[in-house]
Amino acid sequence: MEAPPVTMMPVTGGTINMMEYLLQGSVLDQSLESLLHRLRGLCDNMEPETFLDHEMVFLLKGQQASPFVLRARRSMDKSGMPWHLRYLGQPEIGDKNRHALVRNCVDIATSDNLTDFLVEMGFRMDHEFVAKGHVFRKGIMKIVVYKIFRILMPGNTESIEPLSLSYLVELNVVAPAGQDIVSDDMRNFAEQLKPLVHLEKIDPKRLM
Amino acid sequence: MQRRSGRSDGVRKVASGHSGVGVSQVPVAEGKSVQQTVELLARRLEALGADKQGTFGVDCETYHTAAALGTQGQTGKLMYVMHNSEYPLSCFALFENGPCLVADANFDTLMVKLKGFFQNAKANKIESRGTRYQYCDFLVKLGTVTMGPSARGISVEVEYCPCVIANDCWNLLMEFMQSFMGSHAPGIPSVFSTKHDSAYSPGDTMVQYMELFNKIRKQQQVPVAGIR
């Protein structure tokens, strides 16, 4: 059972419900360099940042029809970083004019015994993958270009193979609920990346 | 003694004052006797030369798996979510005899999302609040433990700031505690025996508070006499 739509939930104890606004697209391997080149030009001037992350998706099954999903992510190339636990709600059904996918999100930094703790809570790992790529920023927008790798043997991140011959491109913003103007800014930025990549609102449910 | 800012955590021992003895000896309204014992300990600390340095608070909420989770085979597990004013941006989540997760304050928001699976037993919320005292390299936190409106006991937390290896300074902590707690000074806590020579961490403090709170919860609540 998912939490009720965020716009209906009261603000409790000073916590603000944060929403993730998301646009996604992809580029074939051979087009990667030109996309990175354009992003370097458009985005904030900073050191190019690459990442190598290992993500595990955990499910908690109850009597409800759909299980509760949590994502645990750790850095494989940067030592000393906390683990990242993420909850993503169902995409909000908004008006068709909203340009980005909007869903409730909760991001939590944790100590490195996260997976043991999730198992103790009753979660079980459903699947895992490795993500390798680049991060760019423009203001509050984050642009991530990465390749997903399948892990051949559970728990062994040394032996991996690419899932496809392309890179996934995501443009996202995490902002408090109700700031729909964010999706207009995202659409304007996405326009500047055409025709190298077409970023769109993709509802995961429609793919199944 | 100068306070070091951004200090790595020294070793802490959390002990329970014998509120049972104090309350049972004094047939007065419950709150007053706990307060008197706290004041007695405070005066002893000040006589030693300790300085007051603000206040502290540690709280503990209990979650249990909702009935919906029966099929998982995880029935009857209790999860504690704790906060410590010494670490205002953190949240500690633990299982008895299980792992202790250190997370940022958004963990509380996650527990709200999980309310279909984990129910907050609000009546079980327990906390300890009081004054911080500094004496040379020691930091002492003297707190009144309350559940709802009633005072249920006293907690004394003593930290020896320069040391991070638990086993290296246990004897020193014991000696210091005896100087103001007398015969009420506690024995070596269970977390120390598993630590061996590894560094102490804030999670170890929270485990001790959890054990203390559980002990106090089980103690018989003082009947309200209504006489001063």
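Annotations for the structure displayed:
- Ranking A:94, A:104, A:76 by Cα position along the charge dipole of region A:56-158, where only Lys, Arg, Asp and Glu carry charges on their C-beta atoms, puts A:94 farthest toward the positive end.
- Computed about its Cα centre, the charge dipole of chain A is approximately 340 debye, with only Lys, Arg, Asp and Glu carrying charge at their Cβ.
- On the basis of the beta-carbon distance and an R0 of 51 Å, residue A:198 and residue B:64 show a calculated FRET efficiency of 0.60.
- Taking every residue in A:120-129 and counting other chain Cβ atoms within 10 Å of its Cβ, the average works out to 4.
- Under 16 Å from the residue B:198 label point (7 Å along Cα→beta-carbon), backbone N, region B:137-171: B:164-168
- Highest-first arrangement of B:173-179, B:50-56, where packing means the average Cβ count within 10 Å: B:173-179, B:50-56
- Helical runs (DSSP H, four residues minimum) scored at -39500 (n - 2.57) apiece and divided by the length of chain A put the mean residue ellipticity at 222 nm at -4500 deg cm²/dmol.
- Average partner coverage of B:113-123, which counts Cβ from other chains inside 10 Å: 4
- Cβ crowding within 10 Å averaged over residues, with B:134-146, A:154-166 ranked highest first: B:134-146, A:154-166
- Length released on extending from residue B:214 to residue B:43, taking residue separation times 0.36 nm less the Cα-Cα span: 58.8 nm
- In this structure, the residue pairs whose Cα-Cα separation is over 28 Å, taken from A:142/B:115; A:61/B:218; B:77/B:125, are A:142/B:115; A:61/B:218.
- Label-zone membership for region A:170-200, site residue A:26, 7 angstrom Cα→C-beta point, backbone N under 20 Å: A:170-172, A:193-200
- Check: region B:47-174 dipole with +1 on Lys, Arg Cβ and -1 on Asp, Glu Cβ, in debye: 540
- Label zone (residue B:165, point 7 Å along Cα-to-C-beta; backbone nitrogen cut-off 13 Å) within region B:198-219: B:198-200.
- Applying 1/(1 + (r/R0)^6) with r as the Cβ-Cβ distance of residue A:65 and residue A:124 and R0 = 25 angstrom yields a FRET efficiency of 0.90.
- Stretchable slack from residue B:36 to residue B:179, in nm (0.36 nm times residue separation minus alpha-carbon distance): 49.6 nm
- Sequence of B:172, A:171, B:101 once ranked by neighbouring C-beta atoms within 10 Å, starting from the fewest: B:172, A:171, B:101
FYI, it's all coordinate maths here, none of it is from the lab. Just so it is clear, the model here is predicted, and its values are computed rather than measured. Using ideal geometry, Cβ is built from the backbone for each residue, glycine included, and neighbour counts are taken over all protein chains shown.
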